[in-house]
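Since the structure comes first, as structure tokens, the remarks are kept for the end.
The values are calculated or read from the model by the stated rules, or taken from the named source; none is laboratory data. On a predicted model such as this, the values are computed, not experimentally measured, just so you know. Here Cβ is always computed from backbone atoms with ideal geometry, including for glycine, and neighbour counts include all displayed protein chains. These area figures cover heavy atoms from the full protein model, side chains too; ligands, DNA and RNA do not enter into them. Shrake-Rupley method; radii C 1.70, N 1.55, O 1.52, S 1.80 Å.
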Amino acid sequence: RSRMPAAGHLVHRPAHIMQRVGRYEDAAEANRRGAAADLAYVGFTQPLDYYPVMYTAHNYQFLAYSAAMEGRRTETIAAADNSRKTVSDEMLLAMPGADWYVAEMYTARVRFGLWDEILAMPAPTPKLAGLTGGYLYARAMALAASGKLADAHAALARLQSFAAGLPADAPAGMNTVPALMAVAVPLVQARIAAAEHRTDDALAALRQAVAAEDRLAYNEPPDWFVPSRQVLGAALLQAGKPADAEKIYREDLQRNAANGWSLYGLAAALKEQGKAAAAAQATKQF
């Protein structure tokens, strides 16, 4: 831990290492402490205008990702919402691409299936392309998951139209909005296909999402909130393809070390194949 407990960004920095090695609670704690240090700092003086975006909001954004990898729904949503509350639209417009980070207010709710909450959320200003993309994606997912398929198809068409109309270089985090929408669109297509019992189409779309996610530029935490392999692995299990699911979960664990989502899925996939000893080991790790 930082020996400078009043310097919020230094307190936060260990989270980058902890996240990469699968110590998600340590990463979360570094960000909790970093956010607390920043709030104390703001209590003493007015920081430079970029500070809330670059540092305080980033602490909450990173906390949301780490807590989500632990399965901490309540803390994840609170952190994502705090990240959004920390910065104004004016600040986000002055720092192109930063709005994607606070789009966690939508993508975190997708992670935990909070469909009613998503559908009750108002649209952001269309001037913020990343935030708008996150909203349209989450809304389409929520409609599909809620069985409102006609509305889901319409929302998918709106998302596709939005993505097609973006400048190729519209920034979002360390990526572009079009690159991120290349992950979002097939995920929505897969959710709709699954709801319509088109299993093969759903699996094909999920594999497309995985490939698009693999093309994203590196960031810490990753710019895509829910690793697509975790979604694909679950779909393969439901489709009765445990060997394929095992392969996908192991790939995700190479990228997101020791995460409980894929360890749980891996244990289930191994059990389905009759690999009792390996399943027991994965369950122990989980």
Q) What number of residues within region 1-15 satisfy the criterion of being in a helix (DSSP H, G or I) and either farther than 22 Å from Pro227 by Cα or not hydrophobic (A, V, I, L, M, F, W, C) (or both)? A) 6
Q | Those residues of region 133-151 which are open to solvent by less than 50 Å² (accessible area, probe 1.4 Å), within 14 Å of Arg109 (Cβ to Cβ) and under 18 Å from the mean Cα position of the chain (by Cα), in sequence order | A | Gly134, Tyr135, Leu136, Tyr137, Ala138, Ala140, Met141, Ala142, Ala145
Q) Among the helices (runs of 4 or more DSSP H) contained in region 235-286, which hold 2 or more residues that are under 22 Å from Leu206 (Cβ atoms), open to solvent by 60 Å² or more (accessible area, probe 1.4 Å) and out of contact with any Phe, Trp or Tyr (no Cβ under 8 Å at 6 or more places or on another chain)? A) 242-255, 260-272
**Q.** Criterion (of a type in the set (A, V, I, L, M), modelled with pLDDT of 95 or more and touching a strand residue (DSSP E or B) at 6+ places or on another chain (Cβ under 9 Å)) met by exactly one of Val177, Val183
**A.** Val177
Q: Kindly provide the set of residues from region 34-57 that are open to solvent by less than 40 Å² (accessible area, probe 1.4 Å) and under 16 Å from Ser88 (Cβ atoms), ordered by number.
A: Pro47, Tyr51, Pro52, Val53, Thr56, Ala57
(Q) Could you check region 205-230 and list, in sequence order, the residues that are part of a helix (DSSP H, G or I) and open to solvent by less than 60 Å² (accessible area, probe 1.4 Å)? (A) Ala205, Leu206, Ala209, Val210, Ala211, Ala212, Glu213, Ser228, Arg229, Gln230
(Q) If Pro14 satisfies all but one of (1) touching an Asp or Glu at 6+ places or on another chain (Cβ under 8 Å); (2) touching a residue at least 24 places away in the same chain (Cβ under 8 Å), what's the number of the condition it fails? (A) (2)
Q.
It is to be established whether one or more residues within region 192-210 are among the small types (Gly, Ala, Ser), without any contact (Cβ under 8 Å) to a residue 24 or more places away in the chain, farther than 22 Å from Ala269 by Cα and out of contact with any strand residue (DSSP E or B) (no Cβ under 7 Å at 6 or more places or on another chain).
A. yes
Q: Mind telling me which of the residues Gln61, Gln46 ends up being of a type outside the set (A, V, I, L, M) and within 17 Å of the chain's Cα centre (by Cα)?
A: Gln61
Q: Identify all residues within region 85-100 that are over 19 Å from Ala170 (Cβ atoms) and either in contact with an Asp or Glu (Cβ under 8 Å, 6 or more places away or on another chain) or surrounded by fewer than 16 Cβ atoms within 10 Å (Cβ to Cβ) (or both); write none if there are none.
A: Lys85, Ser88
Q) Which residues, taken from region 152-199, are in a loop (DSSP other than H, G, I, E, B), touching a Pro at 6+ places or on another chain (Cβ under 7 Å) and either open to solvent by less than 40 Å² (accessible area, probe 1.4 Å) or more than 21 Å from Asp214 (Cβ to Cβ) (or both)? A) Leu166, Ala170
